[in-house]
Amino acid sequence: MPSPPLRRDRNFVLFWILQAVSVAGDSLTTLAVPVLVLVLTDSVFQMGLVTAAIGAAWLVSGVLAGTIVDRFDRRTVMIACDVARAALYALVPLVWLVEPHLWVLYVAMPLGAAAGMLYQVAYITAVPALVGKDRITEANGLLSATFAVAGITGPAIAGALFAVLDPAWVIGIDAITFGLSAVAMSFVRIRARETVPERESPIRGFLTGARFLWQNPVLRTVTLLLCGVLFLTYAMDDLLIYRLKNDLHQGGGAIGVVFAIGAAGAVVAGLVVPALRRRLGFGACWIGAYALSGLALALAGSATVVPLVAGLLAVILFCQGVAGTCSMSLRQEITPDHLLGRVTSAFWTIHYLPGPIGAPLVTFAAARAGVPTVLLVLGLGLGAIALVAAFSPLRARGLDRPAHGEAL
């Protein structure tokens, strides 16, 4: 007998709603932080440094996150992370009440990102426990589409708020969403693990996850290729915001609209990715997504019409949504539940490692050579990664029928 639709599962629906609220708040901060830095410093390089600091905090947290999530109750971890982020992000408007200071962004945003990494690892392990492994792609598709809808409303709301509020207060609104998420999460029921892993140090836990990734040829390939992707694209939002504001002379409202339109691509991706994966397979979806996103990113550098920039951003986010959902679903399907936290944290830590390095380098290059030239180079780089993937284990058939709990 087929399982009822996830939309009728009250437990999943509550989890679904609270994630959407949290992501909508995050999208406010995603735009508010670069705008704050740009207002204070008028420097694309400073934007890259803040982004790099956030990425570095992700990496440090990533080494610890897997062991913590696999050892402790996932729901408790997620609630604690939401409370921590609510307190940290509330610091920004409180400091701004006295006097604007850049240092608070270097403190609150990285620490908030560290809590965010821990939350994301717990979230990834919670989805299979909520819906079962046979409906992971469906659940991830629904969640991704909803996140993208939240990503549309968030930038649109941010653009409107920028007209009446200082961006620091917009970050304060994000703090409120984290508080609401913590309260709602206390009512979600997540199935307990069947087995509890032995106690091990965070370093050993990280190495356990990394070993699982390395022994699986598909996960190993995806992880290594994504290192290149993150190096190239980690500062993409900074570059596009700088181009819109300084090169195309657009205000905060227009920036919010552009990113809202761009997020529509991710909505479509979340809705169609289950069907795409069934029809085309994992490899074709992943490789094709990065080939197309590379082309769109290269064209974005030469686009001088704001609607065209928005359309190309929608293509990029559609491609990222397809590739990311396929990758996440495959990893959840083939990783044993008691290892999923450590495997997820190792995966994210390794492939995010080049991000904090790439962000300042890419933004420094943009300050010297201009954003259009750098976007063209980044797009060509993504195309090269897709070409390498086409001659890797990702092109093999049968990737969508893994044995339960086994490496491919």
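Protection proxy ranking for 68-74, 161-167, using the average of other Cβ atoms within 10 Å per residue and placing the highest first: 68-74, 161-167. Using alpha carbons only, the radius of gyration of the chain set against its Kirkwood radius gives Rg/Rh = 0.94.
Taking 0.36 nm per residue of sequence separation and removing the Cα-Cα distance, the Val98/Thr304 pair yields an extension gain of 70.2 nm. Screening the chain for whole DSSP H helices with an alpha carbon extent of at least 18 angstrom along the helix axis and a mean Kyte-Doolittle hydropathy of at least 1.6 yields 217-233, 282-300, 371-390.
Extension gain, Phe187 to Glu138, is 15.4 nm, computed as 0.36 nm per intervening residue step minus the present C-alpha separation.
Magnitude of the Cβ-charge dipole of segment 69-110, K/R +1 and D/E -1, about the Cα centre, nearest 20 debye?
Rounded to the nearest 20 debye, it is 160 debye.
In the P(r) worked out for segment 330-388, what percent of Cα pairs fall beyond 19 Å? Please list the in-between numbers first.
Numbers: 906 of 1711 pairs.
When all Cα pairs of segment 330-388 are counted, 53 percent exceed 19 Å.
Of the residues Ala32, Leu375, Gln332, the one whose Cα sits farthest towards the positive end of the charge dipole of the chain is Gln332 (charges of +1 on Lys and Arg Cβ, -1 on Asp and Glu Cβ, taken about the Cα centre).
Solvent-accessible area of Leu299, all protein chains in place: 80 Å² (probe radius 1.4 Å, heavy atoms, ligands and nucleic acids excluded). The residues of segment 207-302 have, on average, 37 Å² of accessible surface per residue, using a 1.4 Å probe with all protein chains present. Semi-axes of the equivalent ellipsoid for segment 213-281, computed as √(5λ) from the eigenvalues of its C-alpha gyration tensor and ordered from largest down, come to 32, 20, 7 Å. Taking a point 7 Å out from the Cα of Leu40 in the direction of its Cβ, the residues of segment 333-375 whose backbone N falls within less than 20 Å of it are 356, 359-361, 363-364. Just checking the listed ones, Leu295, Leu387, Leu232: in the Gaussian network model of the chain with Cα springs under 10 Å, the one fluctuating most is Leu387.
Express the carbon and sulfur contribution to the solvent-accessible surface of the chain as a percent, rounded to the nearest whole number, probe 1.4 angstrom. Don't skip to the end; give the middle numbers.
Numbers: 11230 of 16600 Å².
Ligands and nucleic acids excluded, carbon and sulfur give 68 percent.
The charge dipole of the chain, taken about the Cα centre with unit charges on the Cβ atoms of Lys, Arg (+1) and Asp, Glu (-1), comes to about 1100 debye, rounded to the nearest 20. Both radii were evaluated on the Cα set of segment 255-408; the Rg over Rh quotient, with Rh as the Kirkwood radius, amounts to 1.00.
The heavy atoms of His351 offer some 10 square angstrom of accessible surface to a 1.4 angstrom probe.
The values are calculated or read from the model by the stated rules, or taken from the named source; none is laboratory data. A quick note: this is a predicted structure, and the numbers were derived from the prediction, not measured. Backbone-built Cβ (ideal geometry, glycine too); neighbour counts: all protein chains shown. Just so you know, the surface numbers come from the protein's heavy atoms only, side chains and all, with ligands and any DNA or RNA stripped out. Shrake-Rupley method; radii C 1.70, N 1.55, O 1.52, S 1.80 Å.
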